[in-house]
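Okay, so here's the structure we're looking at.
The values are calculated or read from the model by the stated rules, or taken from the named source; none is laboratory data. Note that the coordinates shown come from a computational prediction; the quantities given were computed from them, not determined experimentally. Using ideal geometry, Cβ is built from the backbone for each residue, glycine included, and neighbour counts are taken over all protein chains shown.
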Amino acid sequence: MKRPQILFYAFFTILAICLPSARAEGGMRAGAAEREITPPVGHQIQHYFRLSVGVNDPLFARCLYLEDAEKNSLVIVCLDLIFGGFELCDELRAEIRKQTGIENTLVNFSHSHSSASLGARGKTKISNDTDSKWNDATLNKILTIVKEAKKRAEPVSLRAGRAPAQVGFNRRLVNKDNGHVYMGVNRKGPIVPWVNVLCADSAKSGKPIAGLYETAAHPVIVPDRSKLTSADFPGAAAKRIHEALGKDVIALFAQGCGGNINGFPLRTTHANAEKQGRDLGSAVLKAIEKSEPIKAETFTVKYARAALPSHALPAKKLWQEMAHRERDREGRMEQLNKILALIDSGKEPPPRRMDVYAVMFAREWCLVTMPHEMFCQYELWVDKNAPFKRTMTFGYTNGYEGYIAVDAALGLGEKGGYEAACLPNWGGQVWTRHFGPPAVGCEKIIKDAISSLWPKKAASPKK
Ligand SMILES: [Zn+2]
């Protein structure tokens, strides 16, 4: 090899070593997108059921796509909708994987009670034609934004932060006379007193392209007598974020473990929802301001599935007493007869499916997701016990089958209140296909499933 040629190759070898490749420079890539998904006037608002006569503020589907230097991929889809079941989430996630090759999808529902639910394509029990068309159009829009976000993916740096925030209060109070839990404002009960933020900044412009934020509270500040569709407080939070960071930033709200927390003041006015949302948006901006970079250039997504056993069926004697007492109430008798069929067949009520995920960036940041309406104690437990510098936790993700209380609440039996009571109290969970809440002991199953995803605590944290 001639001397100039050697110099030529040496020059390029040194250049290759010194100049970081595009990948090494921007190991993490992200893209985000959104579409409005407001149902047409006349659709059925859930929950409570009422037909919409207009729109107070629009609903959105938003997504954040992440891809690391090792081509791990994840898309987080955040919907301004009340909930979606396992059938829908399984189908949607499979469709996203098939059409885009994205390995992991997390679908979070904001749980706004002035929105609508989403069902699986063509299999929804929606009687109304308009709602059914909206349902399938929404599924198409979700696929569109995921494709768009992937296409837009660019080198980013990520940062995570937290700021104090309180949208609501614990909603479980104990009646001192009879020990029964009832719904109210429990100012001393546990809540999640913060908002967690993950921000993706464009490596090119240095400006944020997306901010994902999570807090835990039922979006129920909009009154249930309002027939206007609304995202409730998360809608106003997004507006506040846009005012400060610009309209192009995708502001994704994810609902945390808000099963036992109600937005405050409960079911009052759209103006109150607006105010609480704006305050939450301001807290998000503070959290972004205080956020710190995530240095890890790769991430891991892990998943585990557990089954949560349901509360045992009532003894035959209790069933007979109840059948006598409820004999004139058609709905209750229908449910009691289903229970009797199960008692007579010697079968147990079905368990609840518990799919948990962890998205982990070295030991710096971990997102834990759970389905269902989880009590806030689970989020507090994750934050305290996860072997990571920072955490973010979602409930209402990738499936839904009602409330999951902690053992202390489930142990109250019939006195457990709307979210946790069993027969002879007609709490919300007795009306499900499980005929009651989960059994005492489910708390350990959930915690074991989540901690099985984490690295062992003893290992030294990665840099
Ligand atoms: Zn709820």
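Listing for the model above:
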item	result
Candidates T105, T138, filtered to the one that is outside any strand (DSSP E or B), away from the ligand (no atom under 16 Å from the Cβ) and among the polar types (S, T, N, Q)	T138
Strands (runs of 3 or more DSSP E) within segment 267-378 that include 1 or more residues within 16 Å of the ligand (Cβ to nearest atom)	352-361
Neighbours by Cβ (under 7 Å, 6+ apart or cross-chain): first from segment 200-212, in the same structural domain as L106 (by TED's automatic domain parsing) and polar (S, T, N, Q); second in a strand (DSSP E or B) and modelled with pLDDT of 95 or more	S202/E154; S202/V156; S202/I209
Residue check for G263: closer than 15 Å to R162 by Cβ, within 16 Å of the ligand (Cβ to nearest atom) and either surrounded by fewer than 20 Cβ atoms within 10 Å (Cβ to Cβ) or of a type outside the set (D, E) (or both)	no
Failed item, numbered, when R97 is tested on (1) crowded, with 21+ Cβ neighbours inside 10 Å; (2) without any contact (Cβ under 8 Å) to a residue 24 or more places away in the chain	(1)
Residues satisfying the stated conditions in segment 46-68, i.e. part of a loop (DSSP other than H, G, I, E, B) and either free of Cβ contacts under 8 Å to residues at least 60 places away in the same chain or not aromatic (F, W, Y) (or both)	H47, F49, S52, V53, N56, D57, P58, L59, D68
Flag if E70 is touching a Pro at 6+ places or on another chain (Cβ under 9 Å) and exposed (fewer than 15 other Cβ atoms within 10 Å of the Cβ)	no
Of the criteria (1) surrounded by fewer than 19 Cβ atoms within 10 Å (Cβ to Cβ); (2) more than 30 Å from D201 (Cβ to Cβ); (3) out of contact with any Ser or Thr (no Cβ under 6 Å at 6 or more places or on another chain), which one A304 fails	(3)
Count of segment 246-260 residues which are more than 16 Å from the ligand (Cβ to nearest atom) and either surrounded by 23 or more Cβ atoms within 10 Å (Cβ to Cβ) or within 17 Å of A165 (Cβ to Cβ) (or both)	3
Residue list for segment 166-190, restricted to those being surrounded by fewer than 17 Cβ atoms within 10 Å (Cβ to Cβ) and of a type in the set (K, R)	K176, R187, K188
